[in-house]
Each structure stands twice: as structure tokens, then as C-alpha cells.
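Take a look at the structure below.
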Amino acid sequence: MPQSVTNWAGNVVFGAGRVARPVTVEQVRQVVAESAEVRVLGSGHSFNRIADSPDTLLRLDGLPATVEIDSGRAAARVAAGVRYGTLARLLHAEGLALPNLASLPHISVAGSCATGTHGSGDRNGTLATAVSEIELVTADGDLVTLGRDADPAAFPGAVVGLGALGAVVALTLDLVPAFEVRQHVYEGMPEEVLDDHLDEVFASAYSVSLFTGWREPEFGQVWVKERLAGADAGPPPERFFGAVPAGGPRHPVPGMPAVNCTAQQGRPGPWFERLPHFRPDFTPSSGQELQSEFMVPRGQGAAALRALREIRDLIAPVLQISEIRTVAADDLWLSPCHGRETLCVHFTWIEDAARVLPVVGAVEERLAAFDARPHWGKVFTMPAERVRAGYERLPDFAGLARRYDPAGKFANAFVRRHVLDG
């Protein structure tokens, strides 16, 4: 009998002929070898059909949550199902850190890297850029290891792989020394500031996030995360490009309790307790929502935002909050930040697909002139040929998929339509 699993918000049901939850890598190999088709589900922070499987939906959160830290190499081998909130605490206890984290610490390492998930910061790449090695079970049940140095021709195509090459069971991540961060929230930055000062705004701190409901011509909140180099970083600016300090802790989504969020108001703390917006022991974001995100070249970011202002009356009624961030360019073939410094426009919509989807389409049309790439795990409606047109290494990726999965065992309808059938 077909089974189903939902995403974390409970509003997307992933189809599956059966759900397998092996507890050893050997069992993973057996399940994969015996299955006609396989898709792997991470922590379920997806809002489209990327995880559907007509045969086997493979969950890896039953594997031992192994984290092997090599302080000498400044690296850690991490089992696929480990979540960033758990990993970060273990790394920090050893005096080590990841360069960046996403806004949610609840997400799994393997799933986040496979879809190009990211945090914020001009010089911070996607989470996948920390990966130096992956271990995956391929279609015949073989265990294959690919490394940045050992396999330079294939590795950039395998890290953000959308699960199309095999089941990633472990990754090795590059680490940096642990560091402190302080976080300030400002309110009321006029949106026209970005017309002339976009680069200055986002270069002003280690991580900067702008939040807007597209109802007023301003960013209601500006979250500024400053990496601390010494004991005394000095006082923060009294104004931030026209914005004023918030009068207390804030949640990005209006009406949500700030207790769910990481500490603000300049209180220094370890990297893993400040870089995410949300605390791991609380429900991330609002819970009842749909999400979209589109990435445009940073040099065209101001023009892209002006284009969206023109349809604010369409966006605002179905929106909870929108977040604007920047991410560094990378060389990973299917990364939404491949080959270009990037501005990311994220939308947390209301939980009403019938009302939201036409607005998503309108957003996509406004951003078409800027070669927008959608987040692989979010809601988007743009034609598959437009998605494919954004990735010049797509033919190389298709060749890589044929090499490791010649029969297309890991390619569901979503992957074939948006990646492999071009």
C-alpha cells in the first residue's frame, strides 16, 4: 500500500510506494539495490515535489548520528541525518565552527547541502561550500566517496546534487575556529536606500538580513550579525542607514513571539547561537506557511527589488514576511549561487496555495529579466526550460547522473523535468 510522509509544516505530502528507514549503511545499500526507484528525504524542509518517489522513499535519520571531529585537519565527518543544531554544539565544544549557518538550525546537513541552502553574508557561501567530501550509495548499492581534491572533475557537480546521483550517507565539512557574534535589530530602513547603497548595506556586517511585508516602503526589520574579533567591539551605530534600534527582541514574522528567536540587542554569544534567526528548541518560523525564494545576480539586486515594488499590492495580501540576503558565488554546478555573487529574495507566504501560486507566478515574471534562479526546495511555477536555462553546467550534471545512476533510479518526475530532460 502506498505510504506518505509530510514536510515539516505538514502541508506537503510526499508520495511513496513505501518508506524505508534503515539503521546502518549496509541496510541503506541493500534498500537501494533492491528498489526500482529511490528518493531520499532529509528533515522535510521542502515545499514542492522534490522528494516524491513512486517506489521507495528513503529516510536516513535512523542512521547513527555520527560526528567525527578531526581538530588537526579542522574537519568533521558527519552522518547524513545529523541536524545543524546538534552538529554546531559538538563543534563548538571542540573550539571549532562552521563559517555560516542557515536561519533554521533544524535542517539536516545532507539535505541542506544537496539543495543549495544558505545563510547570509557577502563573503559566506552556501552551506554546501563547506563540504570537502561526500559518501554516497549509488544505484547498485555501491558505496562511493568523492572528494574536492581527489575528484576535482566530478565533485563540483555532486555536492548540490538534488539526490539525483545517489543516497548521501555522510559528508566531511571544513571548519574554522569558533567565534563570537553579536546581533542587533533595527527598524524602519527606507527601501530606497538600496537603490544607491545596496553594496554598503550588505557589506556592513558578517551577516545582514532585511525583512519586509511589502506593505510599506521600508524594511520593517534589519538584522545585523557582527562577528567579534576582540573582547570589546565598541558600541553599535545609533542608526543603520536610516533605521533605528528596535526597542526589544523581535521575531521576523509579525505577531510571533520573540522567544523563538536567537538573542539580540547586542548580547555577544557563540556563533551557533547568533547566526541562525531561530532557536533549535522552538518551532522554526511560523509553521503554517509556504515558502519561495529566488536568487538574482547581486549587481542587479536593486533593480530586481524595484521591479517587485511595482507588484507590492499583489504580494502583501498573501505574505507573512519576506527576507532579503546576500550569498557569495561558488563553483558548484547546481547551486543557485553558481558563478555569481547573489541577492536572495525569500517569501514566507500564507498557507493557501490557491491564492499564493498566482502571486508566485507574478513574482517570477517580474524577476525573469534578472535571470532569477529558484531555490530547489521551495515553491516555484516557472517553466522547466527557464529553470534549466539558468545552469550552464546542466549537461555536465546530466552526464554525471548517467555515470552514477545510468537507469535513473534516483530521478523522480521533479528531477527529470527540471534537470535531466533538457
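Observations on the structure shown:
- Selection from segment 163-177 of residues that are buried (at least 23 other Cβ atoms within 10 Å of the Cβ) and either of a type in the set (S, T, N, Q) or not in a strand (DSSP E or B) (or both): Gly163, Ala164, Leu165, Gly166
- Of the residues making up segment 332-340, not a single one is of a type in the set (A, V, I, L, M) and part of a helix (DSSP H, G or I).
- Segment 291-328 - residue that is in contact with a helix residue (DSSP H, G or I) (Cβ under 6 Å, 6 or more places away or on another chain) and part of a strand (DSSP E or B) and, of those, nearest to Ser207 (Cα to Cα): Thr326
- Meets criteria (under 23 Å from Lys225 (Cβ atoms), hydrophobic (A, V, I, L, M, F, W, C) and touching a helix residue (DSSP H, G or I) at 6+ places or on another chain (Cβ under 7 Å)) for Val259: no
- Enumeration of residues in segment 369-422 that are surrounded by fewer than 21 Cβ atoms within 10 Å (Cβ to Cβ), of a type in the set (Val, Ile, Thr) and touching a residue at least 60 places away in the same chain (Cβ under 8 Å): Val379
- Close pairs from segment 236-250: first under 9 Å from Tyr186 (Cα atoms), partner modelled with pLDDT of 95 or more and in a loop (DSSP other than H, G, I, E, B), Cβ under 7 Å, at least 6 apart: Ala243/Gly188; Val244/Gly188
- If you go through segment 120-133 and keep only what is surrounded by fewer than 24 Cβ atoms within 10 Å (Cβ to Cβ) and part of a strand (DSSP E or B), you end up with Gly121, Ser132, Glu133.
- Hits in segment 103-119 - residues which are in a loop (DSSP other than H, G, I, E, B) and either at pLDDT below 95 or more than 17 Å from Thr262 (Cα to Cα) (or both): Ser103, Leu104, Pro105, His106, Ile107, Thr115, Gly116, Thr117, His118
- Taking segment 1-53 as the range and being closer than 13 Å to Phe410 by Cβ and of a type in the set (Ser, Thr, Tyr) as the test, the residues that pass are Ser35, Ser53.
- Single unsatisfied condition, Ala354 versus (1) assigned to a loop (DSSP other than H, G, I, E, B); (2) free of Cβ contacts under 8 Å to residues at least 12 places away in the same chain: (1)
- Residues satisfying the stated conditions in segment 261-292, i.e. of a type in the set (S, T, N, Q) and either touching a strand residue (DSSP E or B) at 6+ places or on another chain (Cβ under 8 Å) or at pLDDT 95 or above (or both): Thr262, Gln264, Gln265, Ser285, Ser286, Gln291, Ser292
The values are calculated or read from the model by the stated rules, or taken from the named source; none is laboratory data. Keep in mind that what you see is a predicted model, and the values were worked out from it rather than measured. Don't worry about glycine lacking a Cβ; one is built from the backbone with ideal geometry, like all the others, and counts go over all protein chains shown.
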